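Working notes, structure below.
Derivation of every value follows stated rules applied to the coordinates shown; laboratory data play no part. Just so we're clear, the structure is a prediction, and the values are computed from it rather than from any experiment. Cβ coordinates were reconstructed from backbone atoms using ideal geometry, including for glycine residues, and neighbour counts include every protein chain displayed.
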Amino acid sequence: MPELPEVESIRRQLEPLLMGRYVTEADSHPSGKFTPAREIVGLGFEAVFRRGKYLLFHLDNETEMVVHLGMTGQLLPCDNLSDPYLRAWWRLDNDRILGYRDVRRFGRIRICLPGQYEGTLGSLGPEPLSDDFTVDQFYASLKASNRKVKTQLLSQRPVAGVGNIYADEACFRAGIYPGVRKLTKAKTAALHESIRYVLTMAVANGGTTLRDYVNAEGKKGNNQFYLECYGRAGEPCVKCGEILRRVMIDGRGTTFCKSCQKR
DNA sequence: ACTACGTCCTGCGAGC
DNA sequence: TGCTCGCAGGACGTAG
């Protein structure tokens, strides 16, 4: 489940591999979620950016390719075109191949005019690690909705790039029950700080690998060894010793401490 | 306009 | 041992 830290790790590794290269050949799985990958043959890479969990490949000819990794997506050099989970690939002019692997096909690849985004990417909240992410704006955004706080975080609207792992981690660190619908300004400030903290640490640790995530070098991250809440239901809380519980919030598994995160 | 929930996908682990 | 079944979850579609 690549979230901001995992996608950022991939971006940093892909950029030097792609800069100054152009695509000589490409193919994809027949699903419309991946066929746009074929449209960039002949185009050159100019830069690789990230917004939230989206990778943005800037190409020449006024073209941008947007890749979302979904749950199990991987972008990395490919040495086996018969990999059954390879959903798209691009051959570069140095004869190396960039592969998009995605066991569960939750990811998607799109082509658009530069910056002309639709859907979630078009209405994405601010980058959590930039100065655009302020407590005041975060507070106003959360206040404007009556959904549960965790659900709002997963919507990508109050802030970009937070998924299930870091939503649970941030709520735990901030002492906020993820199912609450309204936050005080002070709690909002704590959540704001916690989001920045858990994401910064996860980037520094190279992302979290629970099962599928590998970076563009095919290597696992290390942040799974530093998670304090996600995936630890049944274990004692690192703050108070209470046994962490697991519930469903709007259909998503959620781990929390009943003692530290009161409603 | 909003919120809630079903859907897509496949592999894996629990339970019988 | 071998099978079924539920779960994992990001974004989107649909219903109310």
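Our summary gives region A:97-220 a relative contact order of 22 percent, counting only alpha carbon pairs under 8 angstrom and 6 or more residues apart. Which loop-located GluC sites (Glu not before Pro) does region A:51-135 contain, where loop means any DSSP state but H, G, I, E or B and the Cβ has at most 16 other Cβ atoms within 10 Å? Answer in residue order: A:Glu62, A:Glu118. Using just its DSSP H runs of length 4 or more, each adding -39500 (n - 2.57), chain A gives a mean residue ellipticity at 222 nm of -7500 deg cm²/dmol after division by all residues. Averaging Cα coordinates gives a centre for region A:30-61 and one for region A:178-205; these two points are 31 Å apart.
Look at the alpha carbon pairs under 8 Å that are at least 6 residues apart: their mean separation over the length of chain A gives a relative contact order of 18 percent. Can you pull out the trypsin sites (Lys or Arg not before Pro) in region A:83-119 whose DSSP state is coil and whose Cβ has at most 12 other Cβ atoms within 10 Å? In loop regions of region A:83-119 (DSSP not H, G, I, E or B), the sparsely surrounded trypsin sites (Lys or Arg not before Pro) are A:Arg104. For region A:135-256, the percent of C-alpha pairs falling in each 10 Å distance bin, counted from 0 to the bin holding the largest distance, reads 13, 45, 33, 9, 0. With contacts defined as alpha carbon pairs under 8 Å and 6 or more residues apart, what's the relative contact order of region A:183-263 in percent? Normalised by residue count, the contact order of region A:183-263 is 17 percent. Using bins of 5 Å that start at zero, the share of Cα-Cα pairs per bin across chain A amounts to 1, 6, 13, 17, 18, 15, 12, 8, 6, 3, 1, 0, in whole %.
In terms of distances greater than 29 angstrom between alpha carbons, the cross-link table entries A:Lys53/A:Lys187; A:Lys182/A:Lys258; A:Lys33/A:Lys182; A:Lys150/A:Lys220; A:Lys185/A:Lys258 yield A:Lys33/A:Lys182.
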